[in-house]
Amino acid sequence: MKIKGSFLVLFLGLFLACKGQNINESNGDGTSSPETLSITVNLEDQQQEIQGFGASDAWSIQFVGKNWPLTKREQIADYLFSTETDSEGNPKGIGLSIWRFNIGAGSARQGGDSGIDDPWRRAESFLTADSTYDWNKQAGQQWFVKAASKRGVKDFIGFVNSPPVLLTKTGKAFGDGSGQANISEEYYYEFADYLAKIGQHFEGQGTPFTYISPVNEPQWDWSQGNGQEGSPYQNDQISGVIRALDQKIQEYSLDSKIEIPETAQINFLYDGDLSGRSQQVEHFFGSDSEVKDLPTLAQKIAAHSYFTTWPVSDMIEQRQKVRQSIQNASTPIEYWMSEYCILANNEEIQGGGRDLGMNPALYVARVLHYDMTIANAASWQWWLAVSPYDFKDGLVYIDNDTQNGEVLDSKLLWGLGNYSRFIRPGAVRLGVNRSDNATPEEAARQVMASAYTHQEQGKLSVVLVNYGNLDKQVKVDYANAGDRTFSDFTPYLTSSEADLEKQEPVASDGSVVVPARSIMTLQADVSK
């Protein structure tokens, strides 16, 4: 039987009115999820303290920050770091609070002889060929450090892919394929002195490194053909570098702490099949660790979420194991997810091919959600802040031109901003309950919800990631609120039509429709 359009609209209107939902809250094709999802935020169920969200300056910032027109540099810096809003209350940027500075190994001066074909992936070094220091090197990256600081960033991480080529076994910024560190033990203290000198330089510039990260993805062999600077390390070799760096940081009276070990995949924290390069929580923070009590070693462990995001059931299970391994450490430590972009190919997404739309934004938001809510990550950091590549690796995209070109924002940028712009350092994640009792695996294809309180600022933020193809009506309730009162919510929406755009207020006891395939942050003032 065919029903005429006007009658169908009337019928749907009456039906949705009975459900407490306006017909205008449905998708353009009439599809919506009729039942309201209640998210109960437990104000007393406090989880991890959030240290911040970040990204790295590899590889393009060396050119953009040095050569590109000032107006474009400033625009990129605003996209990444600004916490200001426009005249309509829309954020100008995503307010990153952590910035990773790539301490280059010097492959750039080797040019074509470096063995790294892509000039973008070579890096300058402050340590010159005659063993002196040139603080004018890495000028583009230094410009962005200052731009980040100007916009309120306080936490800088100096991270190292390879020791400087003057100290490596191969004389290159990559290893020999043996799986052993591309630096001899006799040079550990010279390497540490080099890092401490660089830390001293940035401290003198007013932008000190909160952390120095001396190794990166030590599980990979990083030999010729990997196409970038890098060095493998055995766990014992990392311990040797840590001991040397600890001594030098104290010698130079730096405030920096040592971040380790930038594990290539999170499963190497608790498991893994690489002898001498796995079970890193136990090795560095277990009862038999030789380094866990060093005064400058940060009481945290950093790892990368690459290749552990599919299928969803495995993603969840691996993060549960990360959380358990952290809890089993002999000393209290935080977990930091310090690097991720979309590298793997699966039936939902492929790493190759630039995509400025919602699909990668939602895929990444789901990874971020479970890194935060299951693995209990205290920090979450993206890989390339700015990418010239045809790949899903950037927040901001540019032309592959070292001098000038087009600047493009992305939904992935703004989707990360649904977290980074509102969940500020010092926020605490709160437990939530769902009225539909969905498991994490079930929620991964529907609406995922997390909540955060900012006691100093008197703010509450609820992030809703609607991965599904239906609009969803959501209501926020509270448990153990005591004498706290809550203002109306201000929603900020990232969708195919909106870039972290401010929406109309929602009553504190009302509900909001989260559009299909979108990310929404609800922010409220909290008072007693």
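The values are calculated or read from the model by the stated rules, or taken from the named source; none is laboratory data. Bear in mind that the values here come from a model prediction, so they are computed numbers and not experimental data. So basically every Cβ, Gly included, is an ideal-geometry build from the backbone, and we count neighbours across all protein chains shown. These area figures cover heavy atoms from the full protein model, side chains too; ligands, DNA and RNA do not enter into them. Shrake-Rupley method; radii C 1.70, N 1.55, O 1.52, S 1.80 Å.
Conditions tested, residue by residue: (1) polar (S, T, N, Q); (2) in a helix (DSSP H, G or I).
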{"residue": "ILE212", "(1), (2)": "no, no"}
{"residue": "GLN228", "(1), (2)": "yes, no"}
{"residue": "ILE238", "(1), (2)": "no, yes"}
{"residue": "ASP255", "(1), (2)": "no, no"}
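Has the range 127-139 got any residue that is within 21 Å of the chain's Cα centre (by Cα), touching a residue at least 60 places away in the same chain (Cβ under 8 Å) and part of a loop (DSSP other than H, G, I, E, B)?
No: the range 127-139 contains no residue that is within 21 Å of the chain's Cα centre (by Cα), touching a residue at least 60 places away in the same chain (Cβ under 8 Å) and part of a loop (DSSP other than H, G, I, E, B).
Residue-by-condition table, conditions (1) open to solvent by less than 10 Å² (accessible area, probe 1.4 Å); (2) without any contact (Cβ under 8 Å) to a residue 40 or more places away in the chain; (3) touching a helix residue (DSSP H, G or I) at 6+ places or on another chain (Cβ under 9 Å):
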position: TYR270; (1), (2), (3): no, no, yes
position: ASP273; (1), (2), (3): no, yes, no
position: PHE284; (1), (2), (3): yes, no, yes
position: VAL291; (1), (2), (3): yes, no, yes
position: LEU294; (1), (2), (3): no, no, yes
position: GLN299; (1), (2), (3): no, yes, yes
position: SER305; (1), (2), (3): yes, no, yes
position: SER313; (1), (2), (3): no, no, yes
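Could you please let me know if ILE242 is hydrophobic (A, V, I, L, M, F, W, C) and part of a helix (DSSP H, G or I)?
Yes: the conditions hold for ILE242.
Only residues that are more than 23 Å from ASP371 (Cβ to Cβ) and either touching a Lys or Arg at 6+ places or on another chain (Cβ under 6 Å) or open to solvent by less than 30 Å² (accessible area, probe 1.4 Å) (or both): list them for the range 249-268, please.
Matches in the range 249-268: ILE249, LEU254, SER256.
Within the group ASP401, ASP409, which residue is free of Cβ contacts under 8 Å to residues at least 60 places away in the same chain and either of a type outside the set (S, T, N, Q) or closer than 20 Å to TYR452 by Cβ (or both)?
Unique residue meeting the criteria: ASP401.
State yes or no: is ALA148 closer than 15 Å to PHE126 by Cβ and at pLDDT 95 or above?
no
Does ALA498 qualify as being open to solvent by less than 20 Å² (accessible area, probe 1.4 Å), of a type in the set (Gly, Ala, Ser) and assigned to a loop (DSSP other than H, G, I, E, B)?
yes
Output the residues belonging to the range 373-411 that are assigned to a strand (DSSP E or B) and open to solvent by 10 Å² or more (accessible area, probe 1.4 Å).
TRP383, PHE391, VAL407, LEU408
Identify, please: which residue in the range 420-467 is of a type in the set (S, T, N, Q), open to solvent by 60 Å² or more (accessible area, probe 1.4 Å) and in contact (Cβ under 8 Å) with a residue 12 or more places away in the chain and is, among those, nearest to THR40 (Cα to Cα)?
The extreme case among them is ASN433.
State whether one or more residues within the range 197-209 are open to solvent by less than 30 Å² (accessible area, probe 1.4 Å), closer than 19 Å to GLU185 by Cα and in contact (Cβ under 8 Å) with a residue 12 or more places away in the chain.
Scanning the range 197-209 turns up no residue that is open to solvent by less than 30 Å² (accessible area, probe 1.4 Å), closer than 19 Å to GLU185 by Cα and in contact (Cβ under 8 Å) with a residue 12 or more places away in the chain.
Which ones in the range 69-94 are assigned to a loop (DSSP other than H, G, I, E, B) and buried (at least 24 other Cβ atoms within 10 Å of the Cβ)?
Of everything in the range 69-94, those that are assigned to a loop (DSSP other than H, G, I, E, B) and buried (at least 24 other Cβ atoms within 10 Å of the Cβ) turn out to be GLY93, ILE94.
With respect to PRO91, is the statement that it is in contact with a Leu (Cβ under 6 Å, 6 or more places away or on another chain) and of a type outside the set (D, E, K, R) true?
Yes: the conditions hold for PRO91.
List the number of the failed condition for MET358; all other conditions in (1) hydrophobic (A, V, I, L, M, F, W, C); (2) touching an Asp or Glu at 6+ places or on another chain (Cβ under 9 Å); (3) within 30 Å of ASP399 (Cβ to Cβ) hold.
Looking at each condition in turn, MET358 falls short on (2).
So which residues in the range 140-158 are touching an Asp or Glu at 6+ places or on another chain (Cβ under 9 Å) and either open to solvent by 40 Å² or more (accessible area, probe 1.4 Å) or of a type in the set (D, E, K, R) (or both), if there are any at all?
Matches in the range 140-158: ARG151 only.
Would the range 161-175 turn up any residue that is surrounded by 22 or more Cβ atoms within 10 Å (Cβ to Cβ), farther than 18 Å from GLY204 by Cβ and aliphatic (A, V, I, L, M)?
yes
Taking the range 472-495 only, how many residues are surrounded by fewer than 21 Cβ atoms within 10 Å (Cβ to Cβ), charged (D, E, K, R) and touching a Leu at 6+ places or on another chain (Cβ under 8 Å)?
Count: 2.
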